[in-house]
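Encoded as structure tokens, the structure appears first; notes follow it.
The values are calculated or read from the model by the stated rules, or taken from the named source; none is laboratory data. If you're wondering where the values come from, they're calculated on a predicted model, not measured in any experiment. Note that we place each Cβ from the backbone using ideal geometry, even for glycine, and neighbour counts take in every protein chain shown.
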Amino acid sequence: MSASRTMRVCALYPDLMNIYADRGNLLVLQHRCSWRGIDFQLSGSGLNDALDGDAHDLYYLGGGQDRDQRLCADDLLANKSDALHQAAARGAIVLGICGGYQLLGNSYELGPGEALQGVGLVDVATVREPGPRLIGNVAMELGAEFGAGDRAMVLAGFENHGGRTYLGSDARPLGRVLAGHGNDGHSGFEGVWRRNVIGTYLHGPLLPKNVWFADWLIATALGLGPGELDALDDALELAAHTGALRAAGV
Ligand code: GLN
């Protein structure tokens, strides 16, 4: 891979949307870039901050409690939605985790008469229905588009959500559940995927347990094929992945 590349990441609401230490995902991106000599620039965009849809290669929205999602939803629409649409249209990655995933969709209905409007980057709608929260370890299989060769691309992580997310006719799931609840507890689907926009319920945080996916994000954000990134010694990371799969019973 040619040297002197820069990966520019913007974390949205890093103080509010950061449940289960989702910040670990940013650390993985940072270290895997720096270990390869790729410059890494991290900035944040909080409540009332404007967002530049041209300035970053990856926009990141972590998980959050309903209370914090309420605070962010209006601000997303007012101050950041246009930039996120612009960024997605020019090929930047937009990654939403759990509460962040829900807000990338069309709506999150919290209860009778209360719905948060999402930014509508993906055609999903989330509803808080009666029934227990969907909690536990998850394993899911992604399609060949994410892989190299015919190796199954598997993500392992942990979910904890009250909302059930339903895919609209324009939405494609990120993967198929091998173990766990996934989007709604019964469809067998997990997450959503529209080109470079990705939403998933997987915490863990996601990327420390699935570094192959971190590399897919880095490569895609930089316009490279996954095979173009320098190989790293991933013995510890693979052990973390295997441990997470084992926790999910896979
Ligand atoms: N508050 C949302 C829900 O419970 C998302 C939770 C999360 O980010 N873990 O569905």
Exercise. List pairs: first in the range 68-79 and closer than 12 Å to residue 108 by Cα and free of Cβ contacts under 8 Å to residues at least 60 places away in the same chain, second away from the ligand (no atom under 15 Å from the Cβ) and not in a helix (DSSP H, G or I), Cβ under 7 Å, 6+ apart or cross-chain?
Worked result: 73/117
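Considering each of 161, 186 in turn, give the residue that is surrounded by fewer than 24 Cβ atoms within 10 Å (Cβ to Cβ), over 24 Å from residue 7 (Cα atoms) and touching a residue at least 12 places away in the same chain (Cβ under 8 Å). Lay out the reasoning, then the answer.
On the way: 186 fails: touching a residue at least 12 places away in the same chain (Cβ under 8 Å).
The conditions single out 161.
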Exercise. Among the residues of the range 130-155, which ones are surrounded by 14 or more Cβ atoms within 10 Å (Cβ to Cβ) and either assigned to a loop (DSSP other than H, G, I, E, B) or modelled with pLDDT under 85 (or both)?
Worked result: 143, 147
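Only one residue in 247, 221, 214 is touching a residue at least 60 places away in the same chain (Cβ under 8 Å) and closer than 20 Å to residue 135 by Cα. Which one? Please lay out each step first, then the result.
Numbers: 221 fails: closer than 20 Å to residue 135 by Cα; 214 fails: closer than 20 Å to residue 135 by Cα.
The conditions single out 247.
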Exercise. Within the range 44-69, how many residues turn out to be of a type in the set (A, V, I, L, M) and either within 8 Å of the ligand (Cβ to nearest atom) or in a loop (DSSP other than H, G, I, E, B) (or both)?
Worked result: 4
Exercise. Is it the case that some residue within the range 3-13 is aromatic (Phe, Trp, Tyr) and farther than 23 Å from residue 162 by Cβ?
Worked result: no
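Answer with yes or no whether residue 120 is of a type in the set (Gly, Ala, Ser), more than 30 Å from residue 227 (Cβ to Cβ) and surrounded by fewer than 23 Cβ atoms within 10 Å (Cβ to Cβ).
Details: of a type in the set (Gly, Ala, Ser): yes; more than 30 Å from residue 227 (Cβ to Cβ): yes; surrounded by fewer than 23 Cβ atoms within 10 Å (Cβ to Cβ): yes.
Against the criterion (of a type in the set (Gly, Ala, Ser), more than 30 Å from residue 227 (Cβ to Cβ) and surrounded by fewer than 23 Cβ atoms within 10 Å (Cβ to Cβ)), residue 120 qualifies.
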For this session: Could you check, for the range 101-112, whether at least one of its residues is surrounded by fewer than 17 Cβ atoms within 10 Å (Cβ to Cβ) and not in a strand (DSSP E or B)?
Result: yes
Exercise. Do we find a residue being within 24 Å of residue 201 (Cα to Cα), of a type in the set (S, T, N, Q) and in contact with a Gly (Cβ under 8 Å, 6 or more places away or on another chain) anywhere in the range 27-48?
Worked result: no
For this session: Identify the single condition in (1) more than 16 Å from the ligand (Cβ to nearest atom); (2) touching a residue at least 12 places away in the same chain (Cβ under 8 Å) that residue 89 does not satisfy, given that it satisfies every other one.
Result: (2)
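Could you identify the single residue in 76, 29 that is within 16 Å of the ligand (Cβ to nearest atom), modelled with pLDDT of 95 or more and not β-branched (Val, Ile, Thr)? I'd like the intermediate steps shown before the answer.
On the way: 29 fails: within 16 Å of the ligand (Cβ to nearest atom).
On inspection, the qualifying residue turns out to be 76.
Looking only at the range 106-120, which residues are under 14 Å from residue 72 (Cα atoms) and touching a residue at least 40 places away in the same chain (Cβ under 8 Å)?
108, 116, 117, 118, 119
In contact with a strand residue (DSSP E or B) (Cβ under 7 Å, 6 or more places away or on another chain) and modelled with pLDDT under 95: which single residue out of 22, 57 fits that description?
Answer to the selection: 22.
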